[in-house]
Ligand SMILES: C[S@@+](CC[C@H](N)C(=O)[O-])C[C@H]1O[C@@H](n2cnc3c(N)ncnc32)[C@H](O)[C@@H]1O
């Protein structure tokens, strides 16, 4: 499933909420993993796609200080936020399906939890391959099924409690909607990549407050639009926090999150 346009939209205050409430718990552990893998390849020119608020960008700049990092994202609000947070990279707005770069321009393309948002994966992967120099690599991660992500699964259960009918489906449909490794590998191959590495990775997320994580999903992701369009009022957050707390405790909590890491050779 590819999701709607609203599922790909981060606007106005959403990047700040995403950065404050979700990045430290959910995204930073995987950014540290991916940047170490990137640095081990010793790339000179790195392109990052769907860079968001720049958690991987900052980690890459630290892990590979001599590399030239170009960071991009579809949403201007993310580019504005990320360029403040990780100014050592060159930032620009770009849709991964239509990259504003010449052929053979990069040694490594990296993307953390972004490919699930690309409407046509094979087309995006072919575009990525176009901008890679011969021998270049595409390194990225995707989420496993929603049930393997303790925070996401608890949040979705909270939404089911708040909206027993017509439950918003952002998490299962988009971030966790491309979670079959064989499909991802087949799409890479269809775009002309050789799949050099593919493995499952489970890391822990540590949250001081489960209510804070609920705020992150409700205000810092496209789930926000789905909730707002149902016009349900403040009871939604209370129901979500109650359900998440019943499942995980109020916090502090340490809980597992499963992803897949892929490396394709151009
Ligand atoms: C879950 S966030 C991941 C952000 C960042 N990589 C991180 O780890 O925090 C997904 C990102 O994909 C971006 N995005 C969605 N569709 C895109 C597209 N077609 N091209 C590039 N970026 C896209 C969104 O703006 C958002 O920043």
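Compute the helix-to-body angle for 210-220: its Cα long axis versus the longest principal axis of the chain, expressed 0 to 90° and rounded to tens.
It works out to around 60 degrees.
I need the calculated FRET efficiency for the pair residue 62 and residue 6, taking r as the beta carbon distance and R₀ as 30 Å, to the nearest 0.05.
Approximately 0.30, to the nearest 0.05.
Return one number: the angle in degrees, 0 to 90 and rounded to the nearest 10, between the long axis of the Cα atoms of helix 150-162 and the longest principal axis of the Cα atoms of the chain.
Its long axis makes an angle of about 40 degrees.
Rank the residues 59, 13, 66 as a footprinting-exposure proxy: fewest other Cβ atoms within 10 Å of their Cβ go first.
Fewest to most other Cβ atoms nearby, the residues stand as 66, 13, 59.
Sticking with the crude label model, points 7 Å out along Cα→Cβ, report the distance from residue 208 to residue 242 in nm, one decimal please.
2.7
Take the Cα atoms of the range 154-220, build their convex hull, and give its volume per residue in Å³.
Here the figure is 131 Å³ per residue.
Just to verify a number: FRET efficiency for residue 104 and residue 229, C-beta to C-beta distance, R0 = 41 Å, to 0.05?
After rounding to 0.05, the efficiency reads 0.40.
What percentage of all Cα-Cα pairs in the chain are separated by more than 27 Å?
Value for the chain: 34 percent of Cα pairs lie more than 27 Å apart.
Over the chain, what is the relative contact order in whole percent, taking alpha-carbon pairs under 8 Å and six or more residues apart?
Computed value for the chain: 24 percent relative contact order.
Compute the long axis of helix 76-85 from its Cα atoms, compare it with the longest principal axis of the Cα atoms of the chain, and write down the angle in degrees, 0 to 90, nearest 10.
80
What distance in nm separates the two pseudo spin-label positions at residue 126 and residue 44, each 7 Å out from Cα along the beta-carbon direction?
The answer from the label model is 3.0 nm.
Among 51, 40, 16, which one shows the highest mean-square fluctuation when the chain is modelled as a Gaussian network with alpha-carbon springs under 10 Å?
The residue with the greatest mean-square fluctuation here is 40.
In what order do 11, 35 fall by count of nearby beta-carbon atoms within 10 Å, going from fewest to most?
11, 35
Per DSSP H run of n ≥ 4, the term is -39500 (n - 2.57); total these for the chain, divide by its residue number, and report the mean residue ellipticity at 222 nm rounded to 500 deg cm²/dmol.
Roughly -11500 deg cm²/dmol at 222 nm, from the helical runs in the chain.
For a quick protection proxy, order the peptides 84-90, 222-228, 164-170 by their average other-Cβ count within 10 Å, most packed first.
222-228, 84-90, 164-170
Given points 7 Å out from each Cα along the Cα-Cβ axis, report the residue 194 to residue 166 separation in nanometres with one decimal.
5.2
Sort 199, 21 so that the residue with the fewest other Cβ atoms within 10 Å of its own Cβ comes first and the one with the most comes last.
199, 21
Every read-out reported here was derived from the displayed coordinates using simple, explicitly stated rules and does not represent laboratory data. Please read these numbers as outputs of a predicted model, since none were measured by experiment. Reconstructed Cβ throughout: ideal geometry from the backbone, glycine too, with neighbour counts over all protein chains shown.
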